[in-house]
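Have a look at the structure below before the remarks.
The values are calculated or read from the model by the stated rules, or taken from the named source; none is laboratory data. Remember, predicted model here, so these are calculated numbers, not experimental data. Here Cβ is always computed from backbone atoms with ideal geometry, including for glycine, and neighbour counts include all displayed protein chains.
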4 protein chains.
Amino acid sequence: MAATKAKSATTRAIKTSKVGRVSKSTRSGKAAKPKLHKPRVSASLLEDVAIASRVLARHQVLDAFGHVSARSDRNPDHFVMTRSLAPELATPADMMEFDSDSEAVGGDTRKPFVERYIHGEIYRTRPEVMAIVHSHAMSVIPFGITGAALRPVYHMGSFLHSGAPVWDIRDKGGDTDMLVSNRYLGRALADTLGRCACALMRGHGFVAVGNSIAEATFRAIYTDGNARIQLQAESLGGPINFLSDAEGRLTTAGNQNAMERPWNLWKQQAKRKT
Amino acid sequence: MAATKAKSATTRAIKTSKVGRVSKSTRSGKAAKPKLHKPRVSASLLEDVAIASRVLARHQVLDAFGHVSARSDRNPDHFVMTRSLAPELATPADMMEFDSDSEAVGGDTRKPFVERYIHGEIYRTRPEVMAIVHSHAMSVIPFGITGAALRPVYHMGSFLHSGAPVWDIRDKGGDTDMLVSNRYLGRALADTLGRCACALMRGHGFVAVGNSIAEATFRAIYTDGNARIQLQAESLGGPINFLSDAEGRLTTAGNQNAMERPWNLWKQQAKRKT
Amino acid sequence: MAATKAKSATTRAIKTSKVGRVSKSTRSGKAAKPKLHKPRVSASLLEDVAIASRVLARHQVLDAFGHVSARSDRNPDHFVMTRSLAPELATPADMMEFDSDSEAVGGDTRKPFVERYIHGEIYRTRPEVMAIVHSHAMSVIPFGITGAALRPVYHMGSFLHSGAPVWDIRDKGGDTDMLVSNRYLGRALADTLGRCACALMRGHGFVAVGNSIAEATFRAIYTDGNARIQLQAESLGGPINFLSDAEGRLTTAGNQNAMERPWNLWKQQAKRKT
Amino acid sequence: MAATKAKSATTRAIKTSKVGRVSKSTRSGKAAKPKLHKPRVSASLLEDVAIASRVLARHQVLDAFGHVSARSDRNPDHFVMTRSLAPELATPADMMEFDSDSEAVGGDTRKPFVERYIHGEIYRTRPEVMAIVHSHAMSVIPFGITGAALRPVYHMGSFLHSGAPVWDIRDKGGDTDMLVSNRYLGRALADTLGRCACALMRGHGFVAVGNSIAEATFRAIYTDGNARIQLQAESLGGPINFLSDAEGRLTTAGNQNAMERPWNLWKQQAKRKT
């Protein structure tokens, strides 16, 4: 079958690699079938994380990389996200449950995302955060590698009024493979995020948080939207008339009443197209 | 069912929100079924507003937000637009009828768009306007937040010869949630629009008007098109050779004979793809 | 039926228009059914013009406007193009035949494109030209309204080595509705085009010619492609290393052997998607 | 049949061409049916090259032009790529096998890509390279024709840490048709590539190499991605905080473990959409 054949190329790539980390589940790959654990959360939460993954892929906020998580609605110390998988392919059956140290629970041996520590450490330090998106969206990266600060250019990006601080992995980690691959780095990122809705990761991407899956999805999409607009506005030269802090606060609060409209659309689109 | 399950995330977002306005129909949401009123206008008008909504979504002039309205063809003091709904999902059954104060008629208790006052106040001050589009199109925003004026770069954007004045909600409303949420703000925007075909809203979007649904749709699409081109032209540096005022007037008049061609295409596309 | 209902909006737009030219076939619209004339050319030519129209729509080189024509393969003084119609909807049945004065032959009373004179006058002055595309592609417009000259940045745009002169309708026509609506203006444009493969039209678009439908289509697509790349290259600042004139000549000649590859792909795509 | 009819336009283009190279298989085109040779490699290799071609077309890294090859898994001196064909249409049946001089083996008389020498000469000088992509991606061209160097702006483009040298065909070939149409030019390009993952070709495109088909595909896609981001970052002005050389090395090594995720997604997308 095609799927089996195609594997050879990938296997070759992995074998010839001299450096790097291969998760246990991959190493034992063909030998043992991984053990699964069905997360102890509501079915709707699993479905919403899968839908958000596909929504964000459809909006090109995620490509083959990046991920979405949600805090467990049964145990607030736990969170769920898919096994290591391209977001467009996410289904409820791909979800794993992680504890407060970002380690898989229930003996689940499927390969997790290396960067699950981003999620675990933010859930730890931000109890009100219910969902998190990590993205490599192209329009956002420039604001993490230049002196230009990402600021709210329109009401959809109003949540940026709290700032979008830039986190540089080099500050705490020195030269790395750029991945948030342990709790220490996850905590450092969470510290930079502080009380903000969004933090940029230098040379990597960004993280957006929300008090619901719908809100985190909204913020990821409009972090990207705001960045696209700001890039164009900057190219016109001269000062930009950003939202004031008060406008940012008032609009962010107002937008929380408007989450249902986009979320309903996005869910329908995700079900239609994928 | 999936739709029911997914609601939980949204409901959570709304509940945790400390600030903001929730319409009566939402508050009573699950309890009472909203009362409907079928607008007293021609069936073709309802269908054309729905089609225009989907056309503009397909052209990315509208995303999950923004709206289209048309003046009633039975009572010129009234207008129709959908209930609060993503434009891509608009159908004739979603239409509500509003009076000259932008309030729903016939006891319709469905949730309306907060910003219906944009439409009502423009219909009041511009008797010849038959249709209005409000959009957050990304390429247009930069011209509302910088010193660069949006001007006609090609014949498709010729209607901009009358100017595209920038309206800043802060001038009349101080710090707000950026929404045109009452008649006072709607009137202020209508005053800035004056006799123009298009007005930009600082940090928010724009409004385009026409003497038919086809023309308002055309102008919304080509306000965006003109902005995209002008952004690129500005990046080349040096002065831009805009259309002269006379060219703008003559071309705008001429284009009114060419509305059928795009409108027929767009309708077919909207029916095919949505 | 929907198609009939939707007409009302368009009809309203046309009626309220104070200025402008309405073709005879439109004026008599509902009353008399237009008389058709089947062009006296090979069936494959009609099909290729229709396919090219849809190919260019799919590449966003044409939107609801713009057109493709081909010189008749039976009478070199004549050419064919569709009646006034969005290119994406073109079929062989929509083709009309025009004489060397760009007037419909065979008593065809369908509404033609106003700007058919672009085509007729170029066929008159360029006997080797077999096909012509007129487009409003967004990335090309900036080079017609600024001091920046469109020049070949890569081998696909090598045909621009002969220059892409800018034609300003104002030079011969004064203030107009920007349309090439008579032979005099068509001839002026043809004069500016000279021996070139492409001419830009200030505040309007461009025209590209070829010795086959495939080549004219190729050149229209890569005029746009070259413009997109050059806009980006200009934004990097500093001088651009364009193709030399000799490279332009050699590559243009070489590319003529490579027309079959894209044309076969584009035809398959057009048949698949439209 | 349509396919036959459409040929006439193309044939006309080829006949009117005064200059240029027509391969033997084309010249004899209608007369003799070309002789085929089934490459002596694994079936999965043929399938993976076809899939990579379609994946890269879907990502707009290839359009009607450009190509993918893989080193033979039976004879390391040989490689396979499709006959001259738009990548989106590639199937295993279109594959030809080439020897170390880039000439077709087994008496295959189908028309090959003129630029197969790019591949053959890189396989000769880089024994560890298993797959190669040649692309004209629009966002990459600007870095080959200006003074701006393409450097890693994010971890997905980390393989650019080794540099993306610009090869100018004029240095060795003088004025040409810009094509790498013989071994001498192929060797010159391979020399400029050196030990790098990517080389830019002035006024033409780029070449990316990998130790697997998945990796070469990944690098072609993210050469384009990195270029898109860097173009935007450059437009913000001021210095860019690129990945350090150590970060580049570490991340490139790490990414080799993450090839399976995108490759699985891309394969599924390619099978779904084409």
Note to self: So, in the range A:184-217, how many residues would count as being over 17 Å from residue A:141 (Cβ atoms) and touching a Gly at 6+ places or on another chain (Cβ under 7 Å)?
What the structure shows: 4
Next item on the list: Select from the range D:140-172 the residues that are over 25 Å from residue D:246 (Cα atoms) and among the charged types (D, E, K, R) and write down the one among them that is farthest from the other protein chains (Cβ to nearest Cβ).
Entry: D:172
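Table: residues versus (1) at positive phi; (2) modelled with pLDDT of 95 or more.
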site: B:14; (1), (2): no, no
site: B:25; (1), (2): no, no
site: B:28; (1), (2): no, no
site: B:46; (1), (2): no, yes
site: B:52; (1), (2): no, yes
site: B:57; (1), (2): no, yes
site: B:66; (1), (2): yes, yes
Notebook entry, point to check: When you go through D:212, D:235 one by one, which is the residue that is farther than 30 Å from residue A:237 by Cα and either within 15 Å of the chain's Cα centre (by Cα) or free of Cβ contacts under 8 Å to residues at least 60 places away in the same chain (or both)?
Noted result: D:212
Check: So which of D:187, D:202 ends up being within 9 Å of another protein chain (Cβ to nearest Cβ), of a type in the set (Lys, Arg) and over 20 Å from residue D:82 (Cβ atoms)?
Finding: D:202
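Which members of the range D:140-153 meet the condition of being at pLDDT 95 or above and surrounded by fewer than 24 Cβ atoms within 10 Å (Cβ to Cβ)? Write out each step before concluding.
Taking the range D:140-153 and keeping what is at pLDDT 95 or above, we get D:140-146, D:148-153.
Listed by number, the residues that qualify are D:146, D:148, D:149, D:151.
So is residue B:128 facing another protein chain (nearest Cβ under 10 Å), over 30 Å from residue C:144 (Cα atoms), in a helix (DSSP H, G or I) and charged (D, E, K, R) or not? Show your work before the answer.
Working: facing another protein chain (nearest Cβ under 10 Å): yes; over 30 Å from residue C:144 (Cα atoms): yes; in a helix (DSSP H, G or I): no; charged (D, E, K, R): yes.
Here the answer is no, as residue B:128 does not meet what is asked.
The rows are residues; the columns are (1) in a loop (DSSP other than H, G, I, E, B); (2) among the hydroxyl-bearing types (Ser, Thr, Tyr); (3) at pLDDT 95 or above; (4) in contact with a Cys (Cβ under 9 Å, 6 or more places away or on another chain).
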residue	(1), (2), (3), (4)
B:74	yes, no, yes, no
B:80	no, no, yes, no
B:84	yes, yes, yes, no
B:101	yes, no, yes, no
B:110	yes, no, yes, no
Item checked: Given (1) of a type in the set (S, T, N, Q); (2) more than 9 Å from chain D (Cβ to nearest Cβ); (3) crowded, with 22+ Cβ neighbours inside 10 Å, index of the condition residue C:232 fails -> (2)
Item checked: Pairs with Cβ under 6 Å, 6+ apart, first in the range B:96-119 and of a type in the set (S, T, N, Q), second surrounded by 21 or more Cβ atoms within 10 Å (Cβ to Cβ) -> B:102/B:116; B:102/B:117; B:102/B:120
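If you take the residues in the range B:86-99 that are in a loop (DSSP other than H, G, I, E, B) and not charged (D, E, K, R), which one is farthest from residue B:64 (Cα to Cα)?
B:91
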Checklist line | the range A:47-74 residues that are free of Cβ contacts under 8 Å to residues at least 24 places away in the same chain, paired with ones that are assigned to a strand (DSSP E or B) (beta carbon under 6 Å, 6 or more apart) | finding: none
Check: Hey, residue B:158 hits all of (1) within 21 Å of residue C:138 (Cα to Cα); (2) in contact with an Asp or Glu (Cβ under 9 Å, 6 or more places away or on another chain); (3) surrounded by fewer than 22 Cβ atoms within 10 Å (Cβ to Cβ); (4) not β-branched (Val, Ile, Thr) but one; which does it fall short on?
Finding: (3)
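Between D:274, D:223, D:252, which is polar (S, T, N, Q), in contact with an Asp or Glu (Cβ under 9 Å, 6 or more places away or on another chain) and at pLDDT 95 or above? Give the derivation first.
Numbers: D:274 fails: at pLDDT 95 or above; D:223 fails: in contact with an Asp or Glu (Cβ under 9 Å, 6 or more places away or on another chain).
None of the other options fit; the residue is D:252.
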Notebook entry, point to check: Exactly one of (1) surrounded by 18 or more Cβ atoms within 10 Å (Cβ to Cβ); (2) in contact with a strand residue (DSSP E or B) (Cβ under 7 Å, 6 or more places away or on another chain) is unmet by residue C:165. Its number?
Noted result: (1)
Check: Condition test on residue A:184, is it without any contact (Cβ under 8 Å) to a residue 24 or more places away in the chain and not small (Gly, Ala, Ser)?
Finding: yes
Check: What pairs can you find where one residue is in the range B:242-258 and at the interface with another protein chain (Cβ under 7 Å from one of its Cβ atoms) and over 12 Å from residue B:211 (Cα atoms), the other is part of a helix (DSSP H, G or I) and of a type in the set (Ser, Thr, Tyr), and their Cβ atoms are less than 6 Å apart, with a gap of 6+ or different chains?
Finding: B:243/B:158; B:251/B:158
Next item on the list: Considering every residue within the range B:206-219, establish whether at least one is buried (at least 24 other Cβ atoms within 10 Å of the Cβ), more than 7 Å from chain C (Cβ to nearest Cβ), out of contact with any Ser or Thr (no Cβ under 7 Å at 6 or more places or on another chain) and of a type in the set (S, T, N, Q).
Entry: yes
Check: What about residue D:137, is it within 12 Å of another protein chain (Cβ to nearest Cβ), assigned to a loop (DSSP other than H, G, I, E, B), of a type in the set (A, V, I, L, M, F, W, C) and surrounded by fewer than 24 Cβ atoms within 10 Å (Cβ to Cβ)?
Finding: no
